[in-house]
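The block underneath contains the structure these notes are about, expressed in structure tokens.
The values are calculated or read from the model by the stated rules, or taken from the named source; none is laboratory data. Computed from a predicted structure; not experimentally measured. Cβ coordinates were reconstructed from backbone atoms using ideal geometry, including for glycine residues, and neighbour counts include every protein chain displayed.
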Amino acid sequence: MSNKDRLRLRIVEDDELIRETLRSIFLATSDMHVLAAHGSVEEALAEVEAEEPEVMLMDINLPGMSGIEGVRELSQRWPSTQFLMYTVNDTDDKVFEALKAGANGYLLKNSSPSEIVQGVRDIQKGGSPMSMSVARRVVRHFRPTLRDGDGQEVTLTPREQSILDLLAQGLLYKEIAANLDISEGTIKQYVHRIYSKLHVVNRTEAVNRYYGR
């Protein structure tokens, strides 16, 4: 396969080891071609007259201009490019700031090489790949405010939300305990607190109230 038939990539990552690791991953992928691996947004901007990538893998915490600022700038110069954030930062403000800036996907740096490659393929095909914890944050952001039976707003802790999500999937207490690596007895305590906060007495009522059914 010639380079012109391969998916064209650019990488912006200031850590040399990570940058070269990413380059190696894509070089070993027959349908991908790395146009360049930059150490900063400024380096990428210096090549805006060069070949436009189909996908750009972008770190957030960079020297000089941040990756989020980079997405804003480069998306104006390369309007057809899809931007995939690749970062250790999964705080709500960074996730939503990046998406608002024009990022099309958001992977964390604990992603496996196969997940990175698949994420690039997905984003090039019009998808929005996200690490599981990031996708959960996005879903929760758009979920209607949770209220109890009296209409009062209810706040669940992240752990309680995770357990209720797993209850909604139909998992048994022992399966939830194994999934979260805590004891079944602890799960039962969490479930009791969830039911108390929501003013419900069983799983079905809790799930229905949580999802607004």
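Given the condition exposed (fewer than 15 other Cβ atoms within 10 Å of the Cβ), aliphatic (A, V, I, L, M) and not in a helix (DSSP H, G or I), answer yes or no: does some residue in segment 20-40 qualify?
Checking segment 20-40: at least one residue is exposed (fewer than 15 other Cβ atoms within 10 Å of the Cβ), aliphatic (A, V, I, L, M) and not in a helix (DSSP H, G or I).
How many of the residues making up segment 80-107 are more than 21 Å from residue 8 (Cα to Cα) and free of Cβ contacts under 8 Å to residues at least 40 places away in the same chain?
Qualifying residue count for the region: 10.
Can you tell me which residue within segment 76-96, out of those that are surrounded by fewer than 22 Cβ atoms within 10 Å (Cβ to Cβ) and modelled with pLDDT of 90 or more, is nearest to residue 55 (Cα to Cα)?
Among them, the one singled out is 81.
Can you work out which of the residues in segment 198-213 that are crowded, with 17+ Cβ neighbours inside 10 Å and outside any loop (DSSP other than H, G, I, E, B) is nearest to the chain's Cα centre (by Cα)?
Filtering segment 198-213 for residues that are crowded, with 17+ Cβ neighbours inside 10 Å and outside any loop (DSSP other than H, G, I, E, B), the one nearest to the chain's Cα centre (by Cα) comes out as 210.
Please find, within segment 49-75, the residue that is surrounded by the most Cβ atoms within 10 Å (Cβ to Cβ) out of those that are touching a residue at least 60 places away in the same chain (Cβ under 8 Å) and under 18 Å from the mean Cα position of the chain (by Cα).
Looking at the filtered set, the residue picked out is 57.
Report, ordered by the first and then the second residue, all pairs with beta carbons closer than 6 Å, sequence separation of six or more or different chains, a first member in segment 23-45 that is assigned by TED's automatic domain parsing to the domain that holds residue 85, and a second member that is of a type in the set (Gly, Ala, Ser).
Short answer, once both residue conditions are applied: 23/37; 38/44; 40/64; 41/70; 42/64.
When segment 84-108 is examined, which residues are found to be in a helix (DSSP H, G or I) and among the hydrophobic types (A, V, I, L, M, F, W, C)?
Listed by number, the residues that qualify are 95, 96, 98, 99, 101.
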